[in-house]
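**Student:** Encoded as structure tokens, here's the structure I'll be asking about.
Values in this text are rule-based calculations from the coordinates and carry no lab data. Bear in mind that the values here come from a model prediction, so they are computed numbers and not experimental data. We place every Cβ from the backbone using ideal geometry, glycine too, and count neighbours over all the protein chains shown.
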Ligand SMILES: Cc1cc2nc3c(=O)[nH]c(=O)nc-3n(C[C@H](O)[C@H](O)[C@H](O)COP(=O)(O)OP(=O)(O)OC[C@H]3O[C@@H](n4cnc5c(N)ncnc54)[C@H](O)[C@@H]3O)c2cc1C
């Protein structure tokens, strides 16, 4: 087929990676994006004073797929210190590097989060997972993470003081029902690499993908209403005829016959506050264990990368997993909780912005590392990409974009 018309729906990470791969094979795809910018769930708003990511998220430098598309040096990645500051009921304390170097933590310090046996188990889990391939991790039986941790023999103390708040902030669900496969994968990523953000915010990631495109047209503010085979019906009434379509967003949005067949979403609320200066003063995540409070984790973004702050105030990112408050009441309640953990008066936390993210991660029962190319095709002419196919991560979204593009390329160039 000469110069086939290939459309990609969505300019998130999966859609951008699909376009990169299609260009490499000599094609010139068109991306139809409902919003006014690239990035999908990975965006950074820049104001006069701050860079604010849409939801607190990090790039794990050990991710296998992202390395193919991102130049970490050019992103000027700023690393988090491994470990966490734990804000307990009575006191706060730092637990340095519990995943990579648990045996190095002084017993006195570790005893605040767990027992000596926990320390040894942490070490053996790290060693086991370092030896396990990513494919084997995702082929293992899947049980809820909470059960996996109990079965592994971790104490209730370390589960509630460390694992629950740490992984709640990653899985964005309170009960650690997420598959043990995802737990093992993320734990392994933390044990062999770092958590990082680009110096100028997570939005630099899609920007770097876009820079790799030269023959792709992107149409913004172009929401697709429905895909019927090769016919793409736009919200504005226009129709495009495509030889191939890659749907790089939840497909049930544009194929009504698929409604109810894809994973529901984990939602999350991310609030930003500014303060005169950071009360943590280290590039670490702050965890608030226990139940009955709103805030799960906090990070002073300028402790990690000073470029998040363009003025002279510090920027605190606060993650709330679940609430049913109005924005005004939520801000007040969060300020009170911040006062409790920092002993700084709540009113000194100046609210900057709230992001209510309805679709943050797909709530998948069956997480996967990869799928065969044949599974990317859903009906004739139509292929799927997006994290919901594999697992909710930057790594998976890029993998899914690559696989969809490879499937399209294979259908157009059978010898490929
Ligand atoms: C708060 C939060 C925290 C996270 N934390 C992490 C983390 O720490 N580490 C990690 O690895 N991952 C994290 N993730 C997950 C990661 O961001 C996603 O897995 C990834 O960005 C998904 O990319 P995608 O291309 O699959 O989908 P999306 O980013 O959702 O892209 C879909 C695109 O399609 C567009 N679109 C939708 N409908 C239409 C339509 N009808 N017509 C045209 N365009 C349409 C959308 O506007 C969007 O641009 C987090 C996500 C969130 C939200």
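**Student:** Hey, any idea what the orientation-averaged projected area of the convex hull of the stretch 99-190's Cα atoms comes to, in nm²?
**Tutor:** Working: hull surface 21.4 nm².
Averaging across all directions leaves 5.3 nm² for the Cα convex hull.
**Student:** Pull out the extension gain between residue 326 and residue 47, defined as 0.36 nm times the separation in residues minus the alpha carbon to alpha carbon distance; nm, one decimal.
**Tutor:** Working: separation 279, 0.36 × 279 = 100.44 nm, distance 2.44 nm.
Computed gain between residue 326 and residue 47 is 98.0 nm.
**Student:** Arrange 182, 108, 255 by Cβ neighbour counts within 10 Å, fewest through most, would you?
**Tutor:** Least crowded to most crowded, the residues run 108, 255, 182.
**Student:** Can you compute the FRET efficiency between residue 89 and residue 243 using 1/(1 + (r/R0)^6), with r the Cβ-Cβ distance and R0 = 45 Å? Round to the nearest 0.05.
**Tutor:** On the way: r = 61 Å, r/R0 = 1.37.
E(calc), rounded to 0.05, equals 0.15.
**Student:** Sequence gap at least 6, Cα distance under 8 Å: using those rules, report the relative contact order of the chain to the nearest whole percent.
**Tutor:** RCO, the chain: 25 percent.
**Student:** Per residue, what volume in Å³ does the convex hull of the Cα atoms of the stretch 325-407 enclose?
**Tutor:** Taking only Cα atoms, the stretch 325-407 has a hull volume of 160 Å³ per residue.
**Student:** Using a simple spin-label model with points 7 Å from Cα along the Cα→Cβ vector, what separation in nm is obtained for residue 233 and residue 312?
**Tutor:** A separation of 5.9 nm, rounded to one decimal place.
**Student:** Now for a different question. Could you estimate the translational diffusion coefficient of the chain from the Stokes-Einstein equation, with Rh from the Kirkwood formula over C-alpha pairs, at 4 °C and 1.567 mPa s, in whole µm²/s? Can you show the working numbers first?
**Tutor:** Working: Rh = 22.4 Å.
Reported coefficient: 58 µm²/s.
**Student:** Determine the gain in length on full extension of the stretch residue 291-residue 379; use 0.36 nm per residue of separation and subtract their C-alpha separation, reporting nm with one decimal.
**Tutor:** Roughly 27.1 nm would be gained on extension.
**Student:** Put a dot 7 Å past each Cα toward the Cβ at residue 130 and residue 261; how far apart are the dots in nm?
**Tutor:** 4.4 nm
**Student:** Quick one: order 77, 271 by neighbouring beta-carbon count within 10 Å, fewest to most.
**Tutor:** Going from sparsest to densest Cβ surroundings: 77, 271.
**Student:** Continuing with the same structure: At 7 Å along Cα-to-Cβ for each site, give me the label-to-label distance between residue 107 and residue 139 in nm.
**Tutor:** A separation of 4.1 nm, rounded to one decimal place.
**Student:** Let me ask you something else. Based on DSSP, what percent of beta bridges with both residues in the chain are antiparallel, to the nearest 5?
**Tutor:** 75 percent
**Student:** Shifting gears a bit: Using the count of nearby Cβ atoms within 10 Å as a rough guide to exposure, how do 326, 393 rank from fewest to most?
**Tutor:** Ascending number of Cβ neighbours within 10 Å: 326, 393.
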